[in-house]
1. Which is part of a strand (DSSP E or B), aliphatic (A, V, I, L, M) and in contact (Cβ under 8 Å) with a residue 40 or more places away in the chain, of V28, V48?
2. If you check K162, K155, which single one turns out to be out of contact with any Pro (no Cβ under 7 Å at 6 or more places or on another chain), surrounded by 15 or more Cβ atoms within 10 Å (Cβ to Cβ), part of a strand (DSSP E or B) and charged (D, E, K, R)?
3. Going by the structure shown, is T93 more than 17 Å from R42 (Cα to Cα), hydroxyl-bearing (S, T, Y), in contact with a strand residue (DSSP E or B) (Cβ under 8 Å, 6 or more places away or on another chain) and touching a residue at least 24 places away in the same chain (Cβ under 8 Å)?
4. Quick one: which of E61, E122 is of a type in the set (D, E, K, R), farther than 22 Å from Y141 by Cα and either loosely packed, with under 15 Cβ neighbours inside 10 Å or modelled with pLDDT of 95 or more (or both)?
5. Specify which of the listed residues (E44, E72, E31) is at pLDDT below 95 and surrounded by 10 or more Cβ atoms within 10 Å (Cβ to Cβ).
6. Can you say whether T35 is in a strand (DSSP E or B), touching a residue at least 24 places away in the same chain (Cβ under 8 Å), farther than 16 Å from I88 by Cβ and β-branched (V, I, T), as far as the supplied structure shows?
7. Return the residues of the stretch 130-152 that are of a type outside the set (S, T, N, Q) and exposed (fewer than 12 other Cβ atoms within 10 Å of the Cβ); say none if nothing qualifies.
8. Among (1) at positive phi; (2) in a strand (DSSP E or B); (3) not aliphatic (A, V, I, L, M), there is one condition N98 misses while meeting the rest; what is its number?
Amino acid sequence: MFKKIAAVAALVIASSSAFAQQAPQFYVGGEVASTKIDGFKRDEGAGVYFGYNFNQNFAVEAGWSQLAEYKETAGEVRGKATFEQTSISLIGTQPLSNGFSVYGRLGYNQIKAKVRLSVDGESGSGSDDLNKAVYGLGLAYTFAPAITGRIEVQKPHSEITKVAVGVAYNF
């Protein structure tokens with residue numbers, strides 16, 4: 001009986017020290033992106049994100065991005081369309097060597113499309129929301145314990161592909 005208790009105590013102590021090796025941490029970051037939306041030309045955007053690392057392999061992240069903004073003029077007709085993304089995702093990370101790691105994203109996002117048209121001084125606008133799953137794959141590099149850079153390919157919608165480069169600050 002004593003051996004069983006000692007074995008269980010040793011396992012509990014060993015597992016608690018494994019969790020203590022990396023304290024959970026928050027991070028905040030920014031990104032610039034190139035987005036391709038079917039039916040539109042490729043456009044640049046930017047975004048911000050923040051997250052919480054449960055450990056070196058799992059995190060939860062929320063973010064906002066302006067995916068693209070298109071302006072067109074044809075005679076007296078002017079139009080503007082913007083696409084924004086709000087998301088929350090689970091991030092799974094596999095550390096490699098020399099500060100590199102690969103990660104995958106799976107989550108939920110909302111794409112908000114806003115359109116504004118103006119004809120001969122008369123204008124009108126409309127918007128629509130698309131709620132879809134988001135997934136992505138990326139490569140990260142830790143420059144310093146508090147600074148991480150990353151590049152990611154993301155699919156926020158079946159007709160949208162986003163390639164983003166970002167930098168995060170861990171605290």
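1. V28
2. K155 is the lone residue from the list that is out of contact with any Pro (no Cβ under 7 Å at 6 or more places or on another chain), surrounded by 15 or more Cβ atoms within 10 Å (Cβ to Cβ), part of a strand (DSSP E or B) and charged (D, E, K, R).
3. yes
4. It is E122.
5. Only one candidate qualifies: E72.
6. In short, yes.
7. Answer for the stretch 130-152, where residues must be of a type outside the set (S, T, N, Q) and exposed (fewer than 12 other Cβ atoms within 10 Å of the Cβ): F143, A144, P145.
8. If we test N98 against (1) at positive phi; (2) in a strand (DSSP E or B); (3) not aliphatic (A, V, I, L, M), just (2) comes out false.
The values are calculated or read from the model by the stated rules, or taken from the named source; none is laboratory data. Values in this document were obtained by computation on a predicted structure and should not be read as measured data. All Cβ positions, even for glycine, are placed from backbone atoms using ideal geometry, and neighbour counts span all protein chains on display.
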